[in-house]
Amino acid sequence: MKAKIAGIGSYVPKKILTNSDMEKIVDTSDEWIRKRTGIVKRRIASDKEITSTLAIRAAKKALSNSNIKGQDLELIILSTINPDRLFPATACIIQEEFSANKAAAFDISATCSGFIYAISIAEQYIRNGTYRNVLVVASELVSRVIDWTDRSTCVLFGDAAGAVVLQPTDNKFTGILKVLIHSDGRYADLITTMGGGSLYPPAYETIDQKLHFIKMNGKKTFKIAIQSMEEIANKIITGSGYKFDDINLLICHQANKRIIDAVANAIGFPQTKVYVNIDEYGNTSSASIPLALDEAIKHKRLKRGDLVLLLAFGGGLTCGAALIRL
């Protein structure tokens, strides 16, 4: 028994922040952003939207797409770097929205690799027969943890959510064929938010020092991201019975167009079979992969029976890969 994607959905806020808009906020330019990242615009949540708002809207689409009701859910896993509150888990707030009162619900934090981490957990429960209807959501309201005076980070990120409903299948050619996850704590400080936890609890001093915002060492992260995704891509293909030529579409975490291009080149994958939407949404952390997957299906870049490879990296440093037959 394996897990299959029975339904998928995504949501992005209405507000669009273009590179031209960014020029009015910080010392940057449209040309500089496009050349170094591939980003043209990003979506920003309204004041009335929070992480659970985005998650619920994406989840409703996934549930509708899978033809099941919220009450049928047995497990809800949310990936996010910015929950509604420190506790309880935002997944429990999603659970209440869908009246899934018999389900288990929890959050995970694996930054931009979070969606792959979440499906790796969910598919284990399905494989061992514990649950049959699992909702996995990645919801990221990154704009609330951005220093809008730091041009090295504020131009990169946007807000979004993506969700899938996973169910069991006994078709050996369909579903989640293989998932790998990995982390390397030696690089934990390359992408981080220092404030708000037990190390630097909320205080006037931590706010003044902007410790509650994302900090990133872009140069080091760039190199390690390419290396880690290349390695895990080769590892997931080894022993899978497939070759890179068999894959219909590659979807990488949408962090930087140059990183995506470099990974594809490193594994000898043609750019024509790589899905990219970072120009439209920027880096939406763990929501980027389910958002791209949903779009690829809607735009007919993927269809039932196609083989898709998902690759991600993020703070931790974490990385993940999933080989899925739709």
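The values are calculated or read from the model by the stated rules, or taken from the named source; none is laboratory data. Just so it is clear, the model here is predicted, and its values are computed rather than measured. As a convention, Cβ positions derive from the backbone with ideal geometry for all residues, glycine included, and neighbour counts pool all protein chains shown. The area values use the complete protein model at the heavy-atom level, side chains included, leaving out ligands, DNA and RNA. Shrake-Rupley method; radii C 1.70, N 1.55, O 1.52, S 1.80 Å.
Worth a mention:
- A count restricted to region 151-174 and to residues that are at pLDDT 95 or above, not hydroxyl-bearing (Ser, Thr, Tyr) and not in a strand (DSSP E or B) stands at 5.
- For region 140-160, a residue qualifies if it is out of contact with any helix residue (DSSP H, G or I) (no Cβ under 7 Å at 6 or more places or on another chain), open to solvent by 10 Å² or more (accessible area, probe 1.4 Å) and either of a type in the set (S, T, N, Q) or under 10 Å from THR284 (Cβ atoms) (or both), and the qualifying residues are SER143, THR149.
- Residue within region 200-221 that is small (Gly, Ala, Ser), out of contact with any strand residue (DSSP E or B) (no Cβ under 7 Å at 6 or more places or on another chain), within 26 Å of ARG85 (Cβ to Cβ) and outside any strand (DSSP E or B) present: yes
- Of the set (1) at pLDDT 95 or above; (2) assigned to a loop (DSSP other than H, G, I, E, B), all apply to ALA138 but (2).
- Criterion: acidic (Asp, Glu) and open to solvent by 30 Å² or more (accessible area, probe 1.4 Å) - qualifying residue of GLU23, GLU49: GLU23
- Positions within region 1-20 being within 19 Å of ASN277 (Cβ to Cβ) and either touching an Asp or Glu at 6+ places or on another chain (Cβ under 8 Å) or surrounded by fewer than 22 Cβ atoms within 10 Å (Cβ to Cβ) (or both), in sequence order: ILE8, GLY9, SER10, VAL12, PRO13, LYS14, LYS15, ILE16, LEU17, THR18, ASN19
- Qualifying residues in region 303-314 (those that are open to solvent by 10 Å² or more (accessible area, probe 1.4 Å) and farther than 13 Å from TYR275 by Cβ) - the one nearest to the chain's Cα centre (by Cα): PHE313
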